[in-house]
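J.: The following block contains the structure, expressed as structure tokens.
The values are calculated or read from the model by the stated rules, or taken from the named source; none is laboratory data. Only a predicted model underlies this, so the values are computations on that prediction, with no experimental measurement involved. Glycine also receives a Cβ, built like all others from the backbone with ideal geometry; neighbour counts cover every protein chain displayed. Each accessible area value is taken on the protein alone, full model and side chains, heavy atoms only, with ligands, DNA and RNA left out. Shrake-Rupley method; radii C 1.70, N 1.55, O 1.52, S 1.80 Å.
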Amino acid sequence: EPEVTQTPSHQVTQMGQEVILRCVPISNHLYFYWYRQILGQKVEFLVSFYNNEISEKSEIFDDQFSVERPDGSNFTLKIRSTKLEDSAMYFCASTGTDNEKLFFGSGTQLSVL
Amino acid sequence: SQKIEQNSEALNIQEGKTATLTCNYTNYSPAYLQWYRQDPGRGPVFLLLIRENEKEKRKERLKVTFDTTLKQSLFHITASQPADSATYLCALRVASGGSYIPTFGRGTSLIVHP
């Protein structure tokens, strides 16, 4: 069964450093999402992406964040200058043409020291 | 303000019993509601979707109800098994600008004891 793949599974970085989280969505999916989950808290929406542009973003997704779909398969989330409070599990998700059921990756656990 | 509320206390039940989880929402008018399962350290996995014009949906041992008047969905697992132990999330499709954003509740932890 096709699945969303995220790399790396764990990322440790120093505060102020840039990180890039990578995702390969399901190949025929059209809508892409990034969510994050701070330990013990709910899954929070960051950004949605469709037709090669951001369709919606939350208040969390400030100027430090950016997304790209550099080729036909990868979907990346960049945090330009990480802060301690960026420590969380980051999930990529994609949906097909119905834009209903979300298929999530296994996540990248980001730890900012 | 808009809220999606799920019981924050874990639900403990015995194997074989029916587990019932609740999702309440306020100040939303969702076109549909979804339920996901999340295991520790893993991404949510889609289980069921129920639309606003549907009262009930079933899939194997799972049943979901949706009452748009009460603004509530109930999620049932019949003949529960220890393998059903996980956190169950409800999600609403919420209008935001010109798009719809899947928005999650905090989830309820289910523990099924053998």
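J.: May I ask for log10 I(q)/I(0) of the range A:5-112 at q = 0.16, 0.21, 0.23 Å⁻¹, from a Debye sum over the Cα atoms as equal point scatterers with solvent left out?
T.: Per q value, in the given order, log10 I(q)/I(0) is -0.64, -1.13, -1.36.
J.: State the Cα centre-to-centre distance between the range B:1-53 and the range A:43-108 in whole Å.
T.: About 23 Å separates the Cα centre of the range B:1-53 from the one of the range A:43-108.
J.: Let me ask something additional. At q = 0.14 Å⁻¹, what is the log10 ratio I(q)/I(0) for the protein assembly as shown, with the Debye formula run over Cα points and no solvent?
T.: After summing over all Cα pairs, the log10 values are -0.89.
J.: Show the residues, 5+ positions off or on another chain, whose built amide H is closer than 5 Å to the amide H of B:S85.
T.: Under 5 Å from the amide H of B:S85 lie the amide H atoms of B:V112, each far enough along the sequence or on another chain.
J.: Tell me the total accessible area that A and B bury against each other, 1.4 angstrom probe, in square angstrom rounded to 100.
T.: Its buried surface, counting both partners, is about 1700 Å².
J.: Another one. From the backbone phi of the range B:104-114, what are the Karplus-calculated ³J(HN,Hα) couplings (6.51 cos²θ - 1.76 cosθ + 1.60, θ = phi - 60°) in whole Hz, Gly and Pro given as x?
T.: Once θ is set to phi - 60°, the couplings for the range B:104-114 become 9, x, 6, x, 10, 7, 10, 10, 9, 8, x Hz.
J.: Here is a follow-up. Which GluC sites (Glu not before Pro) in the range A:1-63 pass both tests, a DSSP loop state and at most 11 other beta-carbon atoms within 10 Å?
T.: A:E18, A:E59
J.: Counting only residues 5 or more places away or on other chains, whose amide H sits under 5 Å from the amide H of B:E15 once H atoms are built in the peptide plane?
T.: Residues meeting the amide H criterion: B:H113.
J.: What is the sum of charges around A:T76, taking Lys and Arg as +1, Asp and Glu as -1, for the other residues whose C-beta is under 9 Å from the C-beta of A:T76?
T.: Net charge around A:T76: +2.
J.: Hey, what do the phi angles of the range A:85-99 turn into as Karplus ³J(HN,Hα) couplings, whole Hz, using 6.51/-1.76/1.60 and θ = phi - 60°, x for Gly and Pro?
T.: Values per residue, Gly and Pro as x: 6, 7, 4, 5, 8, 10, 10, 9, 9, 9, 9, x, 5, 6, 6 Hz.
J.: Checking the table A:K57/B:K63; B:K3/B:K55; A:K101/B:K17; B:K3/B:K63; A:K42/B:K17 against a 25 Å threshold on Cα-Cα, which pairs fail?
T.: The pairs that break the limit, which is 25 Å between Cα atoms, are A:K57/B:K63; A:K101/B:K17; A:K42/B:K17.
J.: Multiply the residue gap between B:T68 and B:L11 by 0.36 nm, knock off their C-alpha separation, and tell me the result in nm, one decimal place.
T.: 18.1 nm
J.: Dipole of the range B:1-98, Cα-centred, from +1 at each Lys and Arg C-beta and -1 at each Asp and Glu C-beta, to the nearest 20 debye?
T.: Value, rounded to 20: 220 debye.
J.: Chain B: D in µm²/s via Stokes-Einstein (Kirkwood Rh, Cα pairs, 10 °C, 1.306 mPa s)?
T.: Here the translational diffusion coefficient equals 111 µm²/s.
J.: Could you run the Karplus curve 6.51 cos²θ - 1.76 cosθ + 1.60 with θ = phi - 60° over the range A:50-64 and give me ³J(HN,Hα) per residue in whole Hz, x for Gly and Pro?
T.: Computed from phi, the couplings for the range A:50-64 are 8, 6, 6, 8, 5, 9, 8, 9, 8, 5, 5, 7, 8, 5, 6 Hz.
J.: Check A:S111: other-chain or 5+ apart residues with amide H under 5 Å from its amide H, H built from backbone geometry?
T.: For A:S111, whose amide H was placed from the backbone, the distant partners under 5 Å are A:Q11, A:V12, A:T13.
J.: Leaving out ligands and nucleic acids, and using a 1.4 Å probe, what accessible area per residue does the range B:36-80 come to in Å²?
T.: For the range B:36-80, the solvent-accessible area averages 57 Å² per residue.
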